[in-house]
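**Q** The following block contains the structure, expressed as structure tokens.
The values are calculated or read from the model by the stated rules, or taken from the named source; none is laboratory data. Note that the structure is predicted; figures quoted are calculated from it, not measured. Methodologically, a virtual Cβ is constructed for each residue, glycine included, from the backbone with ideal geometry; neighbour enumeration extends over all protein chains shown. These area figures cover heavy atoms from the full protein model, side chains too; ligands, DNA and RNA do not enter into them. Shrake-Rupley method; radii C 1.70, N 1.55, O 1.52, S 1.80 Å.
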Amino acid sequence: MLSFSLVCFCHCVGAGQIPCYTSDPNPYRRYSTKSAYAEIPAVTGGTDTGRSDTVDADCYPVMIWHLLRHGYRYPADSDIELFNALLPVFRDNIVANTTVSNQFCAGDLAALRDWKPRMDPSDGSKLVMTGYEEMMRIAKNFRIKYPTLLNVSIDDMLASFHFRHTDTERTRESAKSFAKGLLKQPGMTDQELEALVNRIPMTVYPTTNDRLLRFFDACERYKKTIRSKPVAELDKFDNGSIMSEVIANISRRIGLRQNMNISVSQSLWLACASEYAIYGLTQDSTVKNSSAAPWCSVFSQDDLKAFEYRTDLAYYYKNSYGHKLSYEQACPLLKDFIGSIRNATTKDNFTKVVIRVGHSPTIVPFYANLGLFKDSRPLTADNFLSQGNRKLRTSYIDPMASNINFVIYKCGNAHKFKMHVNERETTFPGCNGVFCDIETLMGSVGKAADTCDFDQMCKWPIHPSTGGATRADGAMTFWLMIFSKFLMPVV
């Protein structure tokens, strides 16, 4: 267990109204990829048509291809360990020091005083109740919107559905929850529903060999040349004036003698985001309890926007348009997508519902392969203030349970399609509206799917080195790194 002492300082609070997170009727809850699905704002683009589908009279849906990120999960075990080590010290420091506690309104201070660690490292990365509910609700909404395809019996599902997820607990449980949302009928008990879902075959490949949904783990060239390398623009942003001021503000509010480093401030931000989604939302998301996430009160809205942008910077370069390989490596998934559509538009017998459940670095590169959410200017450390309306904003396009699907329609002798991003009907690039000819889609991305050569793209000539650190060595290195970084002054 990490142990250390913190030295606090006295800071005089200027006159003026103290911000109050717990009583704010409209707090800023854009937490990038850690956002709850229920917090996607209406300004994300597309049209929320609810559970109704409007198309030409001679058209009817014949196939759905649906890619989802898993539902909300616990933070990783290492993050939870850090929460449990750091946050009680910060809490006690705030409560015990009158000068520090005076920076908080009564409601925020009471929530911090009552806060106790609630997460267990053994639950690290597992799906939480919010995540189960997100997946079931998405499935139910689409079942109502497309009853001829999705409101079916278990026998129909076994005959014409195909589920595949990665080899993790959170994606397995997400896939099962999605299936429950499709199958649940009034009066059905939980045991009956579980028994039905357990009959559904779920395809899964080992993590190191899952080119479809974990291409980022199977592509050696990407791992060696992009994923393992620092993002220069992110480092520049972290060391620039904006983040320096943000970290100074947070350190002051907690009562530290010197500024914390970016790793510790990131941990506080993650505690804020995850506790709100896990403990602050009711199952139907109608009640949103800010007091359940008191660490959000140490951030101003400007602080949260800066943290949101730094995550977007990382995703832009690691998983999207910043490097061609970052998104082109998703071509096996593109091939699966195009192949499913070709089957539905050229064959009599085909899989009617294709469900794929992956991760954040599964869905964001897929967006880029389709040409979605591409900004006219690249995201950089220097254009944060002018990128407030950026298209690649993970809070909007990649919260937990983010999803994209394509519904294929038969219209006489032709086929058309609709694209939904997070359940909103969204116009595909090159189309004149949300209801579009299938030829536009195939002409846009069909060639990229047909020319996908994952082996060649991901070939890396350097042989991996032998040996490596043990698990124990790795754990010790992690804690020493956190400890040393925390004590290191910010320059």
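**Q** Tell me which trypsin sites (Lys or Arg not before Pro) from the stretch 310-379 have a DSSP coil assignment and no more than 16 other beta carbons within 10 Å of their own.
**A** Passing both the DSSP loop test and the Cβ count: K347, K374.
**Q** What would the Debye equation give as log₁₀ I(q)/I(0) for the stretch 139-245 at q = 0.11, 0.14, 0.19 Å⁻¹, counting only Cα atoms as equal point scatterers?
**A** So the normalised log intensities work out to -0.56, -0.71, -0.96.
**Q** Take every Cα-Cα distance within the chain, group them into 20 Å bins from 0 onward, and report for each bin the whole-number percent of pairs it holds.
**A** Final binned percentages: 22, 54, 23, 2.
**Q** What do you get for Rg/Rh over the stretch 200-328 if you use C-alpha atoms and the Kirkwood form of Rh?
**A** With Rg and the Kirkwood Rh in hand, the quotient comes to 1.07.
**Q** Kindly report, to the nearest 10 Å², the accessible surface of T148 as traced by a 1.4 Å probe over protein heavy atoms only.
**A** About 110 Å², rounded to the nearest 10.
**Q** Hey, another quick one. Over the chain, calculate the relative contact order: mean separation of alpha carbon pairs under 8 Å at least 6 apart, over the residue count, as a percent.
**A** Normalised by residue count, the contact order of the chain is 27 percent.
**Q** Taking the DSSP beta bridges in the stretch 32-451 as the whole, what percent of them are antiparallel, to the nearest 5?
**A** Bridges in the stretch 32-451 are about 65 percent antiparallel.
**Q** Still on this structure, please answer the following. Given R₀ = 51 Å, what would the calculated FRET efficiency be for I144 paired with S101, taking r from the Cβ atoms and rounding to 0.05?
**A** 0.55
**Q** State which helices in the chain qualify, where a helix is a whole DSSP H run, it must extend 27 Å or more along its own axis by its Cα atoms, and its mean Kyte-Doolittle hydropathy must be at least -0.5.
**A** Taking the DSSP H segments of the chain (at least 27 Å long, mean hydropathy at least -0.5), we get 77-96.
**Q** Report, by chain and number, residues whose modeled amide H sits under 5 Å from the one on V62, excluding near sequence neighbours (fewer than 5 apart, same chain).
**A** The answer is I408, Y409, K410.
**Q** Within 10 Å of each candidate Cβ there may be at most 16 other Cβ atoms; applying that plus a DSSP loop requirement, which chymotrypsin sites (Phe, Trp or Tyr not before Pro) in the stretch 138-212 survive?
**A** none
**Q** May I pose another question? Set the Förster distance to 45 Å, then compute FRET efficiency between D123 and A414 from the Cβ-Cβ distance, nearest 0.05.
**A** 0.35
**Q** If you don't mind, there's one more thing I want to ask. Taking the Cα centre of each part, how many Å lie between the stretch 310-339 and the stretch 389-405?
**A** 14 Å
**Q** Compute the FRET efficiency between Q456 and K391 as 1/(1 + (r/R0)^6), taking r as their Cβ-Cβ distance and R0 = 30 Å, and round to the nearest 0.05.
**A** Working from the Cβ atoms, E equals 0.50.
**Q** Once you put a point 7 Å from the Cα of T47 and another 7 Å from the Cα of T203, both along the Cβ direction, what distance in nm separates them?
**A** Label at T47, label at T203, 3.4 nm between them.
**Q** Taking square-rooted eigenvalues a ≥ b ≥ c of the alpha carbon gyration tensor, is the stretch 49-182 rounded, prolate or oblate, where a/c under 1.5 means rounded and, failing that, a/b exceeding b/c means prolate?
**A** prolate
**Q** DSSP loop chymotrypsin sites (Phe, Trp or Tyr not before Pro) in the stretch 47-134 with at most 11 other Cβ atoms within 10 Å of their Cβ, which ones?
**A** Here no loop site has a sparse enough neighbourhood.
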